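See structure below.
The values are calculated or read from the model by the stated rules, or taken from the named source; none is laboratory data. Because the structure is predicted, anything quoted here is derived from the model rather than measured. Quick reminder, even Gly has a Cβ in these numbers, built from the backbone with ideal geometry, and neighbours come from all protein chains shown.
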Amino acid sequence: MKQFACGDVVPGCRKTFTAPSEEEILGSVGRHALDDHGLAEVPPELVEQVRGRILTLA
Ligand SMILES: [Zn+2]
């Protein structure tokens, strides 16, 4: 499983994501960015930050 905490990239956000794959995490993060952060599009550098902070759970 993969896990990502939005607060690692957006200070103060408490949303966390868990999914079987990195791609699914990124998909969920994209929707969350739009719904909760008003970001219609996630810039590539932010995607890279997210990727760099995705944890792999046993
Ligand atoms: Zn967030």
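Points to keep in mind about this one:
- The residues of the range 1-19 that are outside any loop (DSSP other than H, G, I, E, B) and more than 8 Å from the ligand (Cβ to nearest atom), listed by number, are Lys2, Gln3, Phe4, Ala5, Asp8, Thr16, Phe17, Thr18, Ala19.
- Hey, Glu22 at pLDDT 95 or above, away from the ligand (no atom under 14 Å from the Cβ) and out of contact with any His (no Cβ under 7 Å at 6 or more places or on another chain) or not: yes
- One residue stands out in the range 1-21 among those that are in contact with a Ser or Thr (Cβ under 8 Å, 6 or more places away or on another chain) and under 15 Å from Leu57 (Cβ atoms): the one that is surrounded by the most Cβ atoms within 10 Å (Cβ to Cβ), namely Phe4.
- Meets criteria (away from the ligand (no atom under 15 Å from the Cβ) and in a loop (DSSP other than H, G, I, E, B)) for Ala58: yes
- Unique residue being assigned to a loop (DSSP other than H, G, I, E, B) and within 14 Å of the ligand (Cβ to nearest atom) when the list is Val42, Val50, Val29: Val42
- The set of residues in the range 22-58 that are surrounded by 11 or more Cβ atoms within 10 Å (Cβ to Cβ) and either touching a residue at least 40 places away in the same chain (Cβ under 8 Å) or small (Gly, Ala, Ser) (or both) comprises Gly27, Ser28, Gly30, Ala33, Gln49, Val50, Arg53, Ile54, Leu55.
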